[in-house]
Amino acid sequence: MLEFFGLESWSTALLALTAGTAIGFVVGLVPGIGGRTGLILCLPLATFFPPYEAAIFLFSMHAVVNTSGSIPNIAFGIPSSAADMATIIDGYPLAKMGRAGEALGASLSASAIGGVLGALAFLLAIPIAQPLVTSFGPPEFLMLAILGIAMVSSLSQEGLIPGLIVGALGVVASTVGVDFRSGEARFTFGWLELWDGVGLPAIVCGLFVIPEMLALKPFDTDSQKRATTTSIADVARGMLVTFNHLRVVAVSSWYGIVIGFMPSLGSSISAWLSYGYAARTTRTEIPFGQGAIAGVIAPEAANNSKEGGAMIPTLFFGIPGSSSMAIMMGLLAFVGVAVGPNLLDWNRDLGLSFSLAGAVILSNLVVIPMFLLVIPTLVRFSSIRREGIVPFAIALSIMAALIDTPRIITVVLIAIFAVIGIGMKLANWPRAPFILGYVIGDMAEASWFHTQQIYGWKVLQRPLTIGIALFIVGWLIYVVRSRPVLHIPGPRIPTLATSGGLLVGFGVVILTAFRSINLAGRTFPVAVSIFGAALCALIAWLAFRSKDDPPVEELAHVWIAAIAILAIPYFGLTVSSMAMAVAMLIAGGANIYKSILAALAFGALQFTLLAWLFDIVVEREIIGRFAWRFLGF
Amino acid sequence: MRVLQAFLVSFAAILTAAPASAQADLAALEGRTVRLVIGGSPGNDTDRYGRAFIEGLKAVLPGTTILAQNLNGGGGALALVEAMAATGTGPITLALTHSTPVYAQIFGSDLAVYDLNAFHWIGALTNNQRVLAVRTSLGVTDFAGLAALDRALVAPASGTAAEIEATLVAAMTPLRLHIVPDVDDGLRATLLMSGDADVAIGSQISLVPLIEAGQLVMVLRLGSAGYPPGLDAVPTLRDLARPEISREIIGLTESLNNLGRLVLAAPATDPAIVEALRLAFDAAMAHPATIAAYEGGDLVLAPTPGAAVEAAMRGLLGNASAREVLVGYLACGEREGGAADEDCSRP
């Protein structure tokens, strides 16, 4: 038996599985690390195991990163990826209602079921792997992109037109950077750092984290405060809630598996498509976007199931199913495991396929007690007073963005997106469509280009393409008929300011495109910008004529956050974060000495992570300039 | 086989090295900090080569602090820009890049915001081992059969370098290629397996899984040296280029294919330090730590010393007339996909 699975001993395999799961759990907890970086950090540990056990270690580690990643998402509203945002939309409002335990439990069981289904799909794919992988090409990717854009309506409970505008803005943001099809650098405005596009963590930080944190309400009552503590019983109740939504779990897992095995499709698409599906088909007491539990279950199931889907092309054909799997392939080679059709061959390495599927299944189960063990303690942190959370959550989110792109431009982008995010928050516009547009925009443009180049009119001979196209048409007809389109979701002044600002933004994009980008490179962003600008003008006109004017939401500490962000290029993140923390804590009525102590402790931790663990040269240089010399070193 | 290759490389390096003077020159790096700016994301091919090189560098320079920094972007340009900005004081800055920035400068791309002539070439970490492979379901197993097909072959290009190389192949040989740019490795493999694409140009190691699966067969080598012995029977570009194509230009194209993952020192680097870095490069590439890291990472150990890289790059970047001809070939390949009756050798 051991020989079939290619293992040296059961005990080593079990150790690899447990160690991988435990490390993956910790990696997921820290915002900014994520699966890809985590894999690289774990490689030295993998080399302690024999080859197949090392593979089990790596897959176990990677399989549970998303599971524990939901803890900072739900409990603190801190995301570090586009997929995380889909969980946060409903998970964080649930935590604010004092139902963090329930949301985390639902996320845990949905993740586990998704992970197990993904691994089973991987095993079931063994006899049909090749036709499965090759049935999808650029035309089908294009249709899926259009389907994703159509899903914007599902993410726009507040209003269809604002949702479409925000989605268009996300698509335009996805076109920033070097376009290797036209050979043009688009909308980089002289910043070489933008050649690779706008970093998603900066977008998420500016557009979501900062506005949400500044709008966080203090606890009104003691009972509300007590509700943010949780127990294993709360989590267990949440785990059971998932079983009331088995249809959502199954369909979301299916999305994850299918998107996972399609090479070159961003994995976060599955989280968003499944969220869209849940929002469209599930009736809930609490609306989606405000704390619907199915809004947590769907992306979490998709997130974990996609690993099994991505394993199909990666392990059987050496075609990475995702960017993480591309790194995984390199690491597998490093530990001495060859991937390819040998993993389909009974006489060669088929046993390894079973070992790895088993590792993914077991790690998704082993992680459950780990999760239950830490949750009550971790969630207790979310019961800290608002003033105690806000500066640190903002600083952690900025840190995650700086780890992703350690350049000053990251701070500039955070500032820009924070202004846009605050505008949208005050105007009550949905912000999730931005991420969907951003994730899908590049895929849509590339797939359109490849479809034209390779297939031309022959695309009409592909039944799968036609099938998806017909589904999209039916879906759009349903959406337009089923809900009011000309609706202003928020107060007039913020709506006018936001739509006016974005109208100018789209105008700048169009002018820049015509001035400095060739025809091939500008067609797509200009077309989307014209669409976005037209809708901005329409909603501004509607807001101008509107008689409804609901009250504007209040934000706190905006100026402290703004000054702190603007100070980062001059004083570094550590110093600025500490200053922001002290200012916000004192402004919130905290004791001065305790505030300084908390800020110093946080600053020390942050600097350790930034300057040494992640070797952020910028931070070290800035700190060096202001502190090292001051201390006489 | 790679172990034997590595052993031969090490043995040759040991024979050619002058230990006493090398030690003396390496002393110039003692106590300094060397920063390698890797023009690739963590975990990608360029990064893996860079990290393996660092293993050897740390072993041969125990008194030197070696730092690695990933700076992906602009097809490798950002890392070069970062290194260009380095001053003579402070850490010694190296950049690790690939062929794309070289092509960008040769063809005068707007994205070439650096001047490679200003850098000091420290060495090349591998050989690109570029090949052209055809899908077996096409029923053709050699170049002649491929050229005889009466249609343009769909060639998805994974990356700028592959796109340019495919275009040059179209210009220099009788093949007609319909090149589809910006297709990543995964999609390229899917298109080949589904029959929607016909040929692929890439490093042979990246195509091995599909070749072993019986999906592809290699029909052309783009470089001239450093391939595994099993590929000796596969013809080279020199064998198959049209007779009217300049042999000098073919030689330049081959030399670009022979040099993979280039290590450069910042323009402001002191000449004595450059010499020390070249010695350290040679010693590191022969060191067992590097060999083990290459072995472990399934990387191709076929380094080229700095002086040889510099000579090749002078030939490419400093030869204006050769560059002009290459640019002409590129335009010709783009125009017709290398149509059978197109004579790309004419100005």
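The values are calculated or read from the model by the stated rules, or taken from the named source; none is laboratory data. Please read these numbers as outputs of a predicted model, since none were measured by experiment. Methodologically, a virtual Cβ is constructed for each residue, glycine included, from the backbone with ideal geometry; neighbour enumeration extends over all protein chains shown.
Inspect segment A:275-298 for any residue being of a type in the set (S, T, N, Q) and surrounded by 22 or more Cβ atoms within 10 Å (Cβ to Cβ) and give the result as yes or no. Among the residues of segment A:275-298, not one is of a type in the set (S, T, N, Q) and surrounded by 22 or more Cβ atoms within 10 Å (Cβ to Cβ), which makes the answer no. Residues in segment B:68-84 that are at pLDDT 90 or above and buried (at least 24 other Cβ atoms within 10 Å of the Cβ): B:79, B:80, B:83.
To keep it simple, each residue is scored yes or no on (1) closer than 25 Å to residue A:258 by Cβ; (2) in the same structural domain as residue A:66 (by TED's automatic domain parsing); (3) modelled with pLDDT under 85.
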residue: A:316; (1), (2), (3): yes, yes, yes
residue: A:320; (1), (2), (3): yes, yes, yes
residue: A:327; (1), (2), (3): yes, yes, yes
residue: A:365; (1), (2), (3): yes, yes, no
residue: A:369; (1), (2), (3): no, yes, no
residue: A:381; (1), (2), (3): no, yes, yes
residue: A:401; (1), (2), (3): no, yes, yes
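Of all the numbered requirements in (1) out of contact with any helix residue (DSSP H, G or I) (no Cβ under 9 Å at 6 or more places or on another chain); (2) assigned to a helix (DSSP H, G or I); (3) not hydrophobic (A, V, I, L, M, F, W, C), residue B:244 misses one, and that requirement is (2).
Summed over segment A:167-219, the residues that are of a type in the set (Ser, Thr, Tyr) and either under 25 Å from residue A:150 (Cβ atoms) or under 18 Å from the mean Cα position of the chain (by Cα) (or both) give a count of 2.
Just so you know, in segment A:95-138 the residues that are β-branched (Val, Ile, Thr) and in contact (Cβ under 8 Å) with a residue 24 or more places away in the chain include one that is farthest from the other protein chains (Cβ to nearest Cβ), and it is A:113. Condition test on residue A:402, is it under 21 Å from the mean Cα position of the chain (by Cα) and at negative phi? Yes.
Looking across A:562, A:540, A:598, one residue alone is assigned by TED's automatic domain parsing to the domain that holds residue A:424, outside any loop (DSSP other than H, G, I, E, B) and not β-branched (Val, Ile, Thr). It is A:540.
When segment A:5-22 is limited to residues that are hydroxyl-bearing (Ser, Thr, Tyr) and closer than 15 Å to residue A:51 by Cβ, the one that is modelled with the highest pLDDT turns out to be A:12. Within segment A:435-492, the set of residues being within 14 Å of chain B (Cβ to nearest Cβ) and modelled with pLDDT under 85 comprises A:442, A:443. Only one of the numbered conditions (1) buried (at least 19 other Cβ atoms within 10 Å of the Cβ); (2) under 22 Å from residue B:85 (Cα atoms) is not met by residue B:270, and that is (1). Determine, yes or no, whether residue A:573 is surrounded by 14 or more Cβ atoms within 10 Å (Cβ to Cβ), under 21 Å from residue A:424 (Cα atoms) and touching a residue at least 24 places away in the same chain (Cβ under 8 Å). Judged against the criteria, residue A:573 is not a match.
Applying the set (1) under 27 Å from the mean Cα position of the chain (by Cα); (2) of a type outside the set (Gly, Ala, Ser); (3) outside any helix (DSSP H, G or I) to residue A:475 leaves exactly one unmet item: (3). The set of residues in segment A:522-559 that are farther than 15 Å from residue A:490 by Cβ, surrounded by fewer than 21 Cβ atoms within 10 Å (Cβ to Cβ) and touching a residue at least 60 places away in the same chain (Cβ under 8 Å) comprises A:531, A:538, A:556, A:558. Among the residues of segment B:85-92, are any part of a strand (DSSP E or B) and surrounded by 20 or more Cβ atoms within 10 Å (Cβ to Cβ)? Yes, some residue in segment B:85-92 is part of a strand (DSSP E or B) and surrounded by 20 or more Cβ atoms within 10 Å (Cβ to Cβ). Any residue that is on the phi > 0 side of the Ramachandran plot and facing another protein chain (nearest Cβ under 10 Å) - is there at least one of those in segment B:210-224? Among the residues of segment B:210-224, at least one is on the phi > 0 side of the Ramachandran plot and facing another protein chain (nearest Cβ under 10 Å), which makes the answer yes. With respect to the stated conditions, residue B:194 fails to be under 30 Å from residue A:451 (Cβ atoms), in contact with a strand residue (DSSP E or B) (Cβ under 7 Å, 6 or more places away or on another chain) and hydroxyl-bearing (Ser, Thr, Tyr). Determine if segment A:164-180 includes at least one residue that is of a type outside the set (Gly, Ala, Ser), surrounded by fewer than 20 Cβ atoms within 10 Å (Cβ to Cβ) and within 12 Å of another protein chain (Cβ to nearest Cβ). Yes, the conditions are met somewhere in segment A:164-180. If a residue must be within 13 Å of another protein chain (Cβ to nearest Cβ) and of a type outside the set (A, V, I, L, M), how many such residues does segment B:53-86 contain? The qualifying residues number 10. When B:167, B:160 are checked against the criterion of being within 11 Å of chain A (Cβ to nearest Cβ) and either surrounded by 23 or more Cβ atoms within 10 Å (Cβ to Cβ) or within 25 Å of residue B:255 (Cβ to Cβ) (or both), a single residue qualifies: B:160. Among the residues making up segment A:303-314, those that are of a type outside the set (D, E, K, R) and either within 14 Å of chain B (Cβ to nearest Cβ) or over 14 Å from residue A:91 (Cβ atoms) (or both) are A:304, A:305, A:308, A:309, A:310, A:311, A:312, A:313, A:314. Residues in segment A:338-353 that are among the hydrophobic types (A, V, I, L, M, F, W, C) and under 30 Å from the mean Cα position of the chain (by Cα): A:339 only. Answer yes or no: is there a residue in segment B:165-173 that is under 20 Å from the mean Cα position of the chain (by Cα), at pLDDT below 85 and farther than 20 Å from residue A:442 by Cα. No; the residues of segment B:165-173 include none that is under 20 Å from the mean Cα position of the chain (by Cα), at pLDDT below 85 and farther than 20 Å from residue A:442 by Cα.
The criterion of at least 1 residues that are aromatic (Phe, Trp, Tyr) and touching a residue at least 60 places away in the same chain (Cβ under 8 Å) is met by the following helices (runs of 4 or more DSSP H) wholly inside segment B:112-221: B:143-148. Within segment A:399-432, the set of residues being among the hydroxyl-bearing types (Ser, Thr, Tyr) and part of a helix (DSSP H, G or I) comprises A:410 only. Name the single residue that is modelled with the highest pLDDT among those in segment A:578-599 being buried (at least 21 other Cβ atoms within 10 Å of the Cβ) and under 29 Å from residue A:429 (Cβ atoms). Residue satisfying both the conditions and the ranking: A:580. On inspection, residue B:277 does not qualify as in contact (Cβ under 8 Å) with a residue 24 or more places away in the chain and either at positive phi or under 14 Å from the mean Cα position of the chain (by Cα) (or both). Every test in (1) within 14 Å of chain A (Cβ to nearest Cβ); (2) more than 19 Å from the chain's Cα centre (by Cα); (3) acidic (Asp, Glu) is passed by residue B:184 save one, and that test is (2).
Among the residues that make up segment B:48-64, is at least one of them buried (at least 20 other Cβ atoms within 10 Å of the Cβ), within 30 Å of residue A:186 (Cα to Cα) and at pLDDT below 90? Yes, segment B:48-64 contains a residue that is buried (at least 20 other Cβ atoms within 10 Å of the Cβ), within 30 Å of residue A:186 (Cα to Cα) and at pLDDT below 90.
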